[in-house]
Structures are given as structure tokens and as C-alpha cells.
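Here, each number is a calculation from the coordinates, and none is a lab measurement. If you're wondering where the values come from, they're calculated on a predicted model, not measured in any experiment. Cβ placement follows ideal geometry from the backbone for every residue including glycine, while neighbour counts extend to all protein chains displayed.
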Amino acid sequence: MLASAKELLLTAQRHGYALGAFNVYNLEGVCAVVRAAESECSPVILQVHPAAIRVVGKPLVALCLAAARMSQVPVGVHLDHSTSDADIRGALDLGVPSIMADGSHLPYSENVAFAREMAAIAHASGAIAEVELGRLTGTEDGLTVSERNAKLTDPAQATEFVRETGADSLAVCIGNVHGHYHGEPNLDMERLSRIRSAVDVPLVLHGASGLPTAMVRNAIGLGVCKFNVNTELREAFLGVLSSSAGSEGKRDLLDVMKDGIAAMQSVACSKIRDFGSNGKCSLAA
Ligand code: 13P
């Protein structure tokens, strides 16, 4: 069933587990994530990035909403990293119940203004808004400690940011990065704990690919209720495509699709277990 994103997050927060929000680009990705959630009896979030919508168009959003409605478990649908008013309005018009208003590249006051306006628009459509404070980069290599700290979420500012924007959840920057971590991930758990004390909305951690299970569990204990996963899932699919392209003779398209789904499903199942949302589908229903 298509679940209320707010209910999903608040239930996860109440029961001390986190939702996997998996970026999907195509039918295979949607199938993989929904099947993983059904096999683990887990609530889950299908997440689409505006860049993916630009490539394949609105049917990708319609696909996610239809798959959520047909699913045996609660499935949320979320618009990931949106920096534009038009993308957010477009997704809300299609019935997406949860959006990320990403003004994290803007100076603080402009981030507040953008996030506040987008959260109000989302709320008027019955949807919820995730916002981000701090600046997540692709990699933290080469940064000095002070440069790194300047990009991290300031717990004191987080209180004001959540109050001023009226947002429903907060994406934190505590040393998490999109894509591959170079070396051991170095998350500032002490900062996460201070952010948790400073705000009461559910916390979101982007860049969950490559995080060790123990670190994930620690972050959940400190208030993270949603993890965004993209790289590990897409690489599982791309791995199948490249081995199929290199294989002797032509492979049947359906076999490639089946293998692609299976590879992504296996990643999603393992993440769902890490996040502790397995077996929780009836709580969130
Ligand atoms: P990864 O690609 O590192 O899994 O991050 C995904 C993400 O945060 C999407 O918003």
C-alpha cells in the first residue's frame, strides 16, 4: 500500500529502527525494492531523483506510486534532492507524498527561505518535506579539519532551522558522503547526538552505501530514521549489465532483467536488515 511518509517516519522513530529509502531509475529497480520489502516484511521508501525524472519523464513517478499501491507492505514515495520549485511542484501534482527541498548549496538564510516555502507548498498538498542543513559533498578527501567541520550540521543552528522552515525531517551532514567512502567512513556520532538533542523531527542520513552495519546501528540509536541508498543498488544493476554485455553470445533481455532485479533485491534486503525495519510492516501499516 502507498503509505503516509509521515506515519512511516514517526513509526520508525517511535520503535527505534530506520527506513531504507532506495533510489530507483527503472522498472527493475522498483521491482527489486518492493520485492525486498515484501520478502522482509518491511516498510520501505521508493526514492526518485529529479535527474532520473528528466531522463525518463513522469511515468517513473507514476510507476513508483502504482507499485506502492499494489504492494503488500507499506511503501512511501519520495522526491530526492530537489533544488527547484518547478521539480517539487511537478512531483506534488503527480501525487508524490514526500519531497526533499534541498537548499543546502545556498547561504543559510536562502536555504531557510527556500526550505520554508517548499515545506509550505508540500504541506498544502498533504505531503511532507525533508530539508538539509550542512553541505554533503561527493568526497571529503583533501579537506582540512576546519573545512570539513564547516560543512557539517551545526546542532545549535539545527534547532532554529527546523523551527524556521517547519520541515518534517532533517538530513544531517556528519561526515557522510554520496558515493564511495575513501577509507573507513568517519561519521561524527557525537555531533549526531547533539543534533538529536537539539531537534525532535526524524533525522535522515544520506550516503548510506558503504556504511558498516555497526555504524548504521549506532546512528539509529542516535535518532536516524531514514537512510538513503543509491550507489550500492545502481552498481549491482550496472554489474549485471556489464557482465551481460561481455558474455559470449547474446543474452535474452528477460534474463538480464531478472538478474538485475535479483542483484538489486539482494542489496536492498541486506540494507533493510541493517536498518532493522525487517518484520516491521504491520507496525507501519
Ligand atoms: P549513496 O549513493 O552514497 O548511497 O547515497 C544516496 C543518497 O544519499 C541519495 O540521496
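Could you give the angle, 0 to 90 degrees to the nearest 10, between helix 108-124's Cα long axis and the longest principal axis of the Cα atoms of the chain?
60
Sorted by mean Cβ packing within 10 Å, highest first, what order do the peptides 256-264, 73-81 take?
Highest mean packing first, the order is 73-81, 256-264.
Note the angle between two axes, namely the Cα long axis of helix 155-165 and the longest principal axis of the Cα atoms of the chain, as a number of degrees from 0 to 90, rounded to the nearest 10.
80
For LYS258, list the lysines whose Cα falls under 16 Å from its own Cα; do not include residues on the same chain fewer than 8 positions away.
LYS250
Taking θ = phi - 60°, what integer Hz values does the Karplus form 6.51 cos²θ - 1.76 cosθ + 1.60 yield along segment 252-267, in sequence order, with x for Gly and Pro?
Karplus values, whole Hz, x for Gly and Pro: 5, 4, 4, 5, 5, 4, 4, 5, x, 5, 4, 5, 6, 4, 5, 4.
As I understand it, the value is the acute angle between the Cα axis of helix 231-246 and the longest principal axis of the Cα atoms of the chain; what does it come to in degrees, rounded to 10?
Taking Cα atoms only, the helix is inclined about 30 degrees.
Please compute the modelled spin-label separation between HIS178 and ASP255, points set 7 Å along Cα→Cβ, answer in nm with one decimal.
In this crude spin-label approximation the distance works out to 3.6 nm.
Under 18 Å from the Cα of LYS280, which aspartates and glutamates turn up, not counting those fewer than eight places away in the same chain?
Cα-Cα hits under 18 Å: GLU7, GLU38, GLU40.
Determine the sum of side-chain charges near MET189: Lys and Arg each +1, Asp and Glu each -1, restricted to other residues whose C-beta is under 13 angstrom from that of MET189.
Within the 13 Å Cβ shell, the charges total +2.
Taking 0.36 nm per residue of sequence separation and subtracting the Cα-Cα distance, how much length would be gained by fully extending the chain between CYS41 and THR159, in nm to one decimal?
Roughly 39.0 nm would be gained on extension.
So for the chain, averaging the separation of alpha carbon pairs under 8 Å that are six or more residues apart and normalising by length, what relative contact order in percent results?
Relative CO of the chain lands at 25 percent.
Once the Cβ-Cβ distance between ALA86 and GLU248 is put in as r, and R0 is 35 Å, what FRET efficiency do you end up with, to the nearest 0.05?
FRET efficiency, ALA86 to GLU248: 0.15.
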